[in-house]
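The values are calculated or read from the model by the stated rules, or taken from the named source; none is laboratory data. Everything quoted here is computed from the prediction, not taken from an experiment. Neighbour counts are summed over all protein chains in view; Cβ atoms, including those assigned to glycine, are modelled from backbone coordinates with ideal geometry.
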Amino acid sequence: MVETANILEIVKEDILRILGETKKATSLKFIKSVVKVRGSFLSEAIENLQKKGLIKVRKNISLTKKGQVKAENILRKHLILENYFKKARNKKEADRIAHILEHYISEEVIRNIREISTLKKKGVSLTELKQQNGLITDIVLGIRLFERVVSMGIFPGERIEIIKEIPNGIIVGVGTKKIVLDKNIARKIKVLEYEKS
């Protein structure tokens, strides 16, 4: 389950992204219609963004210069992700995936996604990887399972290591985590060979 602090961060980033996309002062009503969380989370997020000097709240809500920089960074990540996923999925799915991933990924992962988007290779299934290390190029799952896998720290642009195969599963390492994946899910994770340095 996602911790309350993480939900608050996601809500704050969503508010900044919305304000960055609209490029103008926006009503609280509009923000509520897009960011579908409890009113208390929304109020806390807006208060926190205001205290950090990222937004101004008057009749409507707008970005400060500092907030514009942060919003542009979130939008940049979103667009890189959306463009990457539009190659294999429809625009609506690509947009949804970008909304999920923009909250979780690092700048290193964004750089990796930019690099792999220039390659013609799509990768092979994780279960077919001939070596121990790979770079995830895609996760070909429906949105709900995709979200679940991402919440474990497995996402495109991330390095993955096969630690051990077990009956009906694979133990993988991603970052500092060890995760057991069902082979049916592992088959849906596409990877490129990656040389560990």
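Being at pLDDT 80 or above, surrounded by 14 or more Cβ atoms within 10 Å (Cβ to Cβ) and of a type outside the set (Ser, Thr, Tyr) narrows it down to one residue among LYS178, LYS188; which is it?
It is LYS188.
Those residues that are in a loop (DSSP other than H, G, I, E, B), in contact with a strand residue (DSSP E or B) (Cβ under 8 Å, 6 or more places away or on another chain) and of a type in the set (A, V, I, L, M, F, W, C), I need them from the range 13-44; list them, please.
ALA25
Every residue, every condition in (1) closer than 16 Å to VAL109 by Cβ; (2) in the same structural domain as TYR84 (by TED's automatic domain parsing); (3) in contact (Cβ under 8 Å) with a residue 12 or more places away in the chain, yes or no:
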{"residue": "ARG148", "(1), (2), (3)": "no, no, no"}
{"residue": "GLY153", "(1), (2), (3)": "yes, no, yes"}
{"residue": "ARG159", "(1), (2), (3)": "yes, no, yes"}
{"residue": "ILE166", "(1), (2), (3)": "no, no, yes"}
{"residue": "ILE170", "(1), (2), (3)": "no, no, yes"}
{"residue": "ILE179", "(1), (2), (3)": "no, no, yes"}
{"residue": "LYS183", "(1), (2), (3)": "no, no, yes"}
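Before we move on, is SER106 among the small types (Gly, Ala, Ser), within 22 Å of GLU9 (Cβ to Cβ) and more than 21 Å from the chain's Cα centre (by Cα)?
Spelling it out, it is not the case that SER106 is among the small types (Gly, Ala, Ser), within 22 Å of GLU9 (Cβ to Cβ) and more than 21 Å from the chain's Cα centre (by Cα).
All but one of (1) at pLDDT 85 or above; (2) over 21 Å from ILE74 (Cβ atoms); (3) out of contact with any helix residue (DSSP H, G or I) (no Cβ under 7 Å at 6 or more places or on another chain) hold for GLY169, so report the exception by its number.
Going through the list (1) at pLDDT 85 or above; (2) over 21 Å from ILE74 (Cβ atoms); (3) out of contact with any helix residue (DSSP H, G or I) (no Cβ under 7 Å at 6 or more places or on another chain), GLY169 breaks only (3).
Looking at the range 1-44 only, could you name the residues that are basic (Lys, Arg) and surrounded by 13 or more Cβ atoms within 10 Å (Cβ to Cβ)?
Residues satisfying the conditions are LYS12, ARG17.
With the checklist (1) outside the structural domain of LYS70 (by TED's automatic domain parsing); (2) over 19 Å from ASN73 (Cβ atoms); (3) among the polar types (S, T, N, Q) in hand, flag the one item ASN112 doesn't pass.
(2)
Does LYS183 satisfy the criteria of being over 25 Å from HIS78 (Cα atoms) and modelled with pLDDT under 90?
The answer is no for LYS183.
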